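The values are calculated or read from the model by the stated rules, or taken from the named source; none is laboratory data. Remember, it's a predicted structure, so these values are computed and weren't measured experimentally. Backbone-built Cβ (ideal geometry, glycine too); neighbour counts: all protein chains shown. Keep in mind that these areas ignore ligands, DNA and RNA; they rest on the heavy atoms of the full protein, side chains included. Shrake-Rupley method; radii C 1.70, N 1.55, O 1.52, S 1.80 Å.
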Amino acid sequence: MTNNPATRISDFQALEMLQQMPTAELMARADAIRRARHGDQTFYVHSHNLNPTNRCVVKCRLCSFWRAEGDADAYTTSLEEARKNLEKAQGWNLTDLHIVGGMVPELDLEYYEKLFSFAREMLPGVLLQGMTAVEIHWIAGNAGLSVHATLERLMAAGFGSVSGGGAEIFAPEIRRQIAADKIDADTWLDVHRTAHQLGLPTNATMLFGHIENDEQIIDHLSRLRKLQDETGGFQAAIPLPFQANGKALGVQYGPSGDRQVRVAAITRIYLDNFPHVRMLVNYMDRKLLGVLTHSGVDDIGGTSLDERVAKAAGAPQSQKFFSADEMEAFLSNHGWKPVLTNSAYQALGTRQEAQGTSERWKTILEKAEAGERISAEEAETLYVEAPFQELGRAADARRRQMVPGDIATYVVDKNLNTTNVCTTGCKFCAFYTDPGSSRGYALTPEQVVEKVKKAAEAGATQILIQGGLNPELDLEYYETCLSGIRDNIDIWIHSLSPTEIEFLAQKAGISIRDCIQRLKDAGLQSLPGGGAEILVDEVRERISPEKTRSQTWLDVMETANELGLKTTATMVYGFGETIAQRVEHLMKIRDLQDRTGGFTAFIPWSFSPSHTELDCPRVQNGTDYLRLVAIARLVLDNISHLQAGWVTEGTDVAQLALGFGADDFGGVLMTEEVVSATGLDHGVDEEQVIHLIREAGWVPAQRTTQYEHLSIHRVEEMCANRPASRRLRVIPTRG
Ligand code: SF4
């Protein structure tokens, strides 16, 4: 696996790419290398974890797994207990048994020899992987043996591969702060060199997103690349995102989605002599993991049953996979050919070549990137044929033309639902309940005003009032609510969807125009674009037969614009509609905007089927979302702002959208009930939003509903208390 000097990048080039290259472009480069190596295959393992003890003499500051002698939850697994643990794993069709843990005198070389030899008998054909270079060096020292002799004895007992743990960051100035008592970088590399010389495959980790800077990341990768040139024994490089929860390092946030994608991509591009780049599913959000598989990552780790180290580190347990089938489904959902393997990549399946699609998309993309209007047919071709990273790169460039400068905005707002009682019964809605149901509620106008007052006192500048179509709540009710807010609270009233306006007008027996005029007179200042879902009646007939028809939705918005009210436009996708129908939705929005110019922003988000009556053929993943955001930016050439949807996509993927054409992070949202009803529960506060925007390389600015800047959080105010590595990545504004 020799490196090709022609494609090899230097440390300086790698640093520049890590710091400067737009994220979508970095993803595209890494993905091309990954596909050249593995085609459309993505690897995973079905592993069981055994962590013999959480007691440890090394006590690293970065680690929240270790326990001190006498701690209530300190434990050490006897050989008998280990045997029982493995008995339950027999019949699980495992590929790997992963054994890592703390270091204590009683768990010596004999302990591990016995453990590996009965594991080999009990789990034939399963790769016995584990033990970090730190553990091996420590056990060898305790046994008074060389690392070489120690590894030979472990291999004789069945040990098959050295895990990549304990590498953290090699730079001594960082290692001293995070793992002062751990072996230094050269010793770690020597253990792996010895393993390679003995024919033992190993992996290599890099723990990032704590106090290291970009230079130290490239230094770490460079030391690995040098050893790999020498021995060729490494199988996978494993960038590990630091889990900041409550650690002793004074780091508030771990690496965000954008940072994880950039580090994974540069790892793939720079380590040109490593076969695989693995990111571990049990350390991150699944939507982000999906995007990472299109950013140079060809392996998503494994089921990691009984895994305790990541759990102790505070990694999101809800994201774990519990079966090989679940991992296969996840990878297929992302268009990959799942390949079950082990951590030494033995028993690899045959390779399939990647996608052979036409190149028509290239000319269309150049046209769109240059700001030329594209047709529905061209938009469909782009949507179906263009790699999503290329769409992202072009949409990012387009965004810079349409919203010049280095600012990305957010608004501090509150979503307030007046009632969950609704007569419409949309099949995709998990929020509503029928009239008369014990679960039903309806706020009084006084309660509405009180809640809005509290939100304004807490800093909200915008109130978004919406609710079910409740026969008890008529136009007078909303006029009372709105005027009560207008007369008592300094907040912008951005409320009510076209569906509600149609309902209130019909109930009052008046026209849409008169209804909007009365609401405007009562204080309504702009309309959010709720209720649009997909503006194609064939789809609406299936998902919400009783709801406003597409043309009526557009008519309400047109009337509102004519009456001087600005509006936003939304889209909910993933109901099984076709790409053509999604493009039709975008075209209808664009056509109306040509006529009125009333839309300030476009906000797409994916349908979440949980707790709803509607099944969906395929749950939309993070790459589906980023592809749609980029397409929206390239098609909607007359709508300035595009909002990233963290409520449905999670903060990581929403942050990535800021590199795919989005320029706004939406609302900080003090409360949100409709999407939460589906079980999705992403929450952020203003400080986190500022952090996420900054990590994505933009200057965060709080905005009004009309996108005026209220406060711009330039880097100066931030750098004061941030480690060098987390200073703002200044993206050069390309001409
Ligand atoms: S989406 Fe709105 S209109 Fe449809 S059922 Fe839910 S609350 Fe009612």
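Points to keep in mind about this one:
- Qualifying residue in the stretch 29-43 (condition: within 30 Å of Thr194 (Cβ to Cβ), part of a helix (DSSP H, G or I) and out of contact with any Gly (no Cβ under 8 Å at 6 or more places or on another chain)): yes
- Those helices (runs of 4 or more DSSP H) of the stretch 450-541 in which at least 3 residues are touching a Gly at 6+ places or on another chain (Cβ under 9 Å), considering only elements entirely within it, cover 475-488, 498-508.
- Whichever residue in the stretch 499-516 is charged (D, E, K, R) and closer than 19 Å to Phe431 by Cβ and, among such residues, is nearest to the ligand (Cβ to nearest atom): Glu500
- Taken together, Arg549, Arg486, Arg542 contain a single residue that is away from the ligand (no atom under 16 Å from the Cβ) and either acidic (Asp, Glu) or surrounded by fewer than 20 Cβ atoms within 10 Å (Cβ to Cβ) (or both), which is Arg486.
- The test for being surrounded by fewer than 22 Cβ atoms within 10 Å (Cβ to Cβ), of a type in the set (Ser, Thr, Tyr) and either in contact with a Pro (Cβ under 8 Å, 6 or more places away or on another chain) or outside the structural domain of Ala522 (by TED's automatic domain parsing) (or both) holds for Thr480.
- Restricting Glu135, Glu110 to residues that are open to solvent by 30 Å² or more (accessible area, probe 1.4 Å), assigned to a helix (DSSP H, G or I) and of a type in the set (Asp, Glu) narrows the list to Glu110.
- Residues located in the stretch 25-73, provided they are open to solvent by 10 Å² or more (accessible area, probe 1.4 Å) and basic (Lys, Arg): Arg29, Arg35, Arg37, Arg55, Lys59, Arg61, Arg67
- Scope the stretch 593-634; condition within 28 Å of Thr433 (Cα to Cα) and in contact with a Phe, Trp or Tyr (Cβ under 7 Å, 6 or more places away or on another chain); matching residues: Pro604, Ser606, Phe607, Thr612, Leu614, Cys616, Gln620
- Residue in the stretch 572-591 that is in contact (Cβ under 8 Å) with a residue 60 or more places away in the chain and within 16 Å of the ligand (Cβ to nearest atom) present: yes
- The stretch 261-281 - residue that is open to solvent by 10 Å² or more (accessible area, probe 1.4 Å) and touching a strand residue (DSSP E or B) at 6+ places or on another chain (Cβ under 8 Å) and, of those, farthest from Arg8 (Cα to Cα): Leu280
- Residue among Leu496, Leu524, Leu519 that alone is open to solvent by less than 10 Å² (accessible area, probe 1.4 Å) and within 15 Å of the ligand (Cβ to nearest atom): Leu496
- The stretch 406-423 residues that are farther than 10 Å from Ala460 by Cβ and in the same structural domain as Ala458 (by TED's automatic domain parsing), paired with ones that are among the hydrophobic types (A, V, I, L, M, F, W, C) and within 9 Å of the ligand (Cβ to nearest atom) (beta carbon under 7 Å, 6 or more apart): Asn417/Val674; Asn420/Phe431; Cys422/Leu469; Thr423/Leu469
- Lone qualifier among Val619, Val556 - being part of a helix (DSSP H, G or I) and either free of Cβ contacts under 8 Å to residues at least 24 places away in the same chain or among the aliphatic types (A, V, I, L, M) (or both): Val556
- Thr570 meets the conditions (1) closer than 20 Å to Gly645 by Cβ; (2) in contact with a Leu (Cβ under 9 Å, 6 or more places away or on another chain) in every case but one. The failed one is (2).
- Candidates are the residues of the stretch 144-183 that are out of contact with any strand residue (DSSP E or B) (no Cβ under 9 Å at 6 or more places or on another chain) and of a type in the set (Val, Ile, Thr); the one that is farthest from Pro105 (Cα to Cα) is Ile174.
- Counted residues, the stretch 438-494 - those being more than 31 Å from the chain's Cα centre (by Cα), at pLDDT below 95 and among the hydrophobic types (A, V, I, L, M, F, W, C): 0
- The stretch 9-25, subset free of Cβ contacts under 8 Å to residues at least 12 places away in the same chain and part of a helix (DSSP H, G or I), residue farthest from Ser295 (Cα to Cα): Phe12
- Scanning the stretch 412-457 for residues that are within 12 Å of the ligand (Cβ to nearest atom) and not hydroxyl-bearing (Ser, Thr, Tyr) yields a total of 14.
- Listed by position, the helices (runs of 4 or more DSSP H) inside the stretch 356-437 whose residues that are at negative phi and under 26 Å from the mean Cα position of the chain (by Cα) number at least 3 are 376-385, 388-402.
- Selection within the stretch 169-189 - at pLDDT 95 or above and either touching a Lys or Arg at 6+ places or on another chain (Cβ under 8 Å) or not assigned by TED's automatic domain parsing to the domain that holds Met206 (or both): Ile169, Phe170, Asp184, Ala185, Leu189
- Qualifying residues in the stretch 463-476 (those that are more than 16 Å from the ligand (Cβ to nearest atom) and open to solvent by less than 30 Å² (accessible area, probe 1.4 Å)) - the one nearest to Gly529 (Cα to Cα): Ile463
- Top-ranked residue of the stretch 113-122 - restricted to ones that are touching a residue at least 12 places away in the same chain (Cβ under 8 Å) and out of contact with any Leu (no Cβ under 6 Å at 6 or more places or on another chain), ranked as least open to solvent (accessible area, probe 1.4 Å): Leu115
- Selection count, the stretch 367-392, where residues are in contact with a helix residue (DSSP H, G or I) (Cβ under 8 Å, 6 or more places away or on another chain) and free of Cβ contacts under 8 Å to residues at least 12 places away in the same chain: 1
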